[in-house]
Each structure stands twice: as C-alpha cells, then as structure tokens.
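Taking it in order: structure first as structure tokens, then the write-up.
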C-alpha cells in the first residue's frame, strides 16, 4: 500500500473514530448497554427453584401424619401453608398463590400399621409452569423418602400419587404459546406507537398538526385509536392460531380474553407513545422501543424465568412491566378458565400502568416546536 493510500485510510479511520466519539448512541451501545444487560441477566435469570409456596393438607390426626406434615414444613425448599381441608387450597392453586400441595389422608397412620398396607398421599401441582411442577413434585417425593429413611422404612412403603393440574401432559408448548402472545403484543404495541410522533417530525408535518385547534390530548388520542384496533385484531389472530394450529386448549371465555387484552394495550401503546414524544428520530424510537419493551417483557414477566427466585427488589420492579400482569392472565384463560380474582387483579395493575404512561406522555407533549 502506497504512503498516499495509507494516509487516506488513516484519515478515514480518524474521521470515523471522531464520529463515534461525537455520537452518544454509539457510546451508549458500547459501554452502557452490555453491563446493564449482564446485570439484568445475572439478577433475573435463575433455573433454581426454592422457597416454593406449597400447601400441606393434614386430614389425618395420628402421630405419623403429624410427623410427615412437620417434615414438609421443615424443608428449606417449601414455604408451607397447612390446612385440614383441601378445598381451602384449591382456589390458591388456580390463582397462582400456591405451586402445589400434598394431601396426607385420614387413614395414613392406620395403613402404616397394616402389614401389607400401602398408605397413599397425593401431590397436586400447578402445571401451567411445567418445569416448576416437576421440581415441586420431585421435592415432595424427596421429603417423603427422607422421612421414610428416618423411620427405617422403604420408599415403597408409601405411594405418592402425582396430579398435574391444567396441563396434565406437562406440554411446555401449551404454556409458552399463550405467554408468547403477551411478549409479541408488548413488542408490537410498543413499536407501533413509538413511531407515531417521530414520523411526523421527520416528515415535517408536525408543525401543521400543531396549528390545528385540536388539543395535544386529542391529537395523541386520534393517533392511538387505529393502533388500538390493530392491536386487538392482532391479538385475536394470535389466539386463533394458538388454538387452531397448535392445539392449545382455550378453557376461558372470549369476553375475558378481550377484556384483559384491551386493558393490556393501554400501557403497551402508552409506553410507545411516550417514547415517540421523547425522540424525534424513527430509528432511535424503534431502538428504544425494542429495548424498553421487549427485553423487560421477556425476562421480567415470568414468561421464561420464575419471578419468585429473583431478588426481592427485582421482584418489586417486575410490577412495572405490563407483560408481568398479562402473561399469567393469558395462561390462566387458555389453560384453567376464567379465574376472575386473578384476572381482575391483573387488569387493575395494567390500568394503573396505562394511566401513568399516558399521564407522562401528556405532561411531556406540548403544542410547541421545542
């Protein structure tokens, strides 16, 4: 390479290096984004399952039954709720407040004293999270085996009957597809509205819109309405595909699906609209929307990783992620039915988040050229 071409290449490299230093977005991607993502992965992602919310139904009153119940309460893997009637725990399984429970029957002590008797205890787990259901069932079996070993009895002396509710085949696809709808709608909803205002700035039409008598709230509302309709149609299309093409059961009602999806679109579209008022470049708005919408929804919603195993401070942050309230409702509607206590609780949280996003958007948006 000649000296002239070497100098030219050097000058070009220098020019690009200066351009990078002058571009805050490049520095952000290179030096801020990697440690942020690593920090998020290190704290949010864990395949360990411990401190599981678990129930013990003690129907028997004999000493052996009490000892076995105490063994379940003593294990560090379970956070135990003890009752005498299983009907007290069934609603807690449906709403996700318990991951499972074990039933120690009334005849447990008597069957232990019969020479050929095989007492049966039952473990019921919520299989809307198949991996957790397997862990919980395995832990329950492990506690039983340890208890039997302490009594110098074989594991076959007691029969453990397993039941997996809502997803008896432990088919992960039946869980992942409804949750995936929530992740997809988060990304699509945020991305659709993130480009709304920035597109007007790039096209130079924002000034003309500001000259109209309409208020800023009316302008933003007019832009939001078509995307809300698009989001609802896309949501119904995804639900139809899940049932018709992939065989996911739909045990809830269309009314519940429409209600929770409509409320979910408020924070999903509202967050994109807020980004759109903050950034005047469509490219930058799209990048921020993907990072601010997709990544938290994927990692902090409970879709892939258990929220219960995250640090307490991070669990609190997950309540600010709309998908965290949408994923469990969708999974319940598809797999369990209309569990209205959970659905209404999630809808209230989504409505609150939507009002916050729209309030911040209206506060930031002004009919001025600043």
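Read the figures in this text as sums done on the coordinates, not as results from a lab. Quick caveat, the model's predicted, so the values are computed rather than measured. Here the Cβ positions follow ideal geometry from the backbone for every residue, glycine too, while neighbour counts run over all protein chains shown.
Being in a helix (DSSP H, G or I) and under 17 Å from the mean Cα position of the chain (by Cα): is that true of residue 276 here? Steps first, please.
Details: in a helix (DSSP H, G or I): yes; under 17 Å from the mean Cα position of the chain (by Cα): no.
When the stated conditions are applied, residue 276 does not pass them.
Across the range 66-81, what is the total count of residues that are farther than 20 Å from residue 98 by Cβ and touching a residue at least 12 places away in the same chain (Cβ under 8 Å)?
1
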